[in-house]
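The values are calculated or read from the model by the stated rules, or taken from the named source; none is laboratory data. Because the structure is predicted, anything quoted here is derived from the model rather than measured. Because the Cβ atoms are built from the backbone with ideal geometry, glycine has one as well, and the counts that use them run over all protein chains shown. Side chains are part of the model used for accessible areas, which takes the heavy atoms of the whole protein and leaves out ligands, DNA and RNA. Shrake-Rupley method; radii C 1.70, N 1.55, O 1.52, S 1.80 Å.
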Amino acid sequence: MMGALILKIVIEGFRFKVSGKVFLAGLISYGIGGPPLYVLSVNYAGIAVPTLITALSPVITEVLAIIELKERLNLKSALGFIAVIIGIIIASLIGIQI
């Protein structure tokens, strides 16, 4: 992958264009919502709940892609989607009983 990136840069030159607003939104959301809030939530609620909520990130991303981008799931993606949901449900049930 790095070789392909280097080849692309050599052939096309280094062009990196991103909207200032998008960059700022990403910086703020990750800088504030990422590690600092995760550490605080682990301190407050223990490790189980924040980890399960974090595990929902790919599910939420896929749902938004289906709704907003009209993306269609292939078999591999659908099976992964279902596996993540089942894993979260099982982990939640085991966590409740402990």
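Odds and ends about this structure:
- Leu52 open to solvent by 60 Å² or more (accessible area, probe 1.4 Å) and of a type in the set (A, V, I, L, M): no
- Test: Ala83 is surrounded by 12 or more Cβ atoms within 10 Å (Cβ to Cβ) and modelled with pLDDT of 80 or more: no
- Residue within the range 9-22 that is among the hydroxyl-bearing types (Ser, Thr, Tyr) and within 18 Å of Ser57 (Cβ to Cβ) present: no
- Unique residue being outside any loop (DSSP other than H, G, I, E, B), among the basic types (Lys, Arg), surrounded by 10 or more Cβ atoms within 10 Å (Cβ to Cβ) and out of contact with any Asp or Glu (no Cβ under 7 Å at 6 or more places or on another chain) when the list is Lys76, Lys8: Lys8
- The residues of the range 63-73 that are open to solvent by 100 Å² or more (accessible area, probe 1.4 Å) and part of a helix (DSSP H, G or I) amount to a single one, Glu68.
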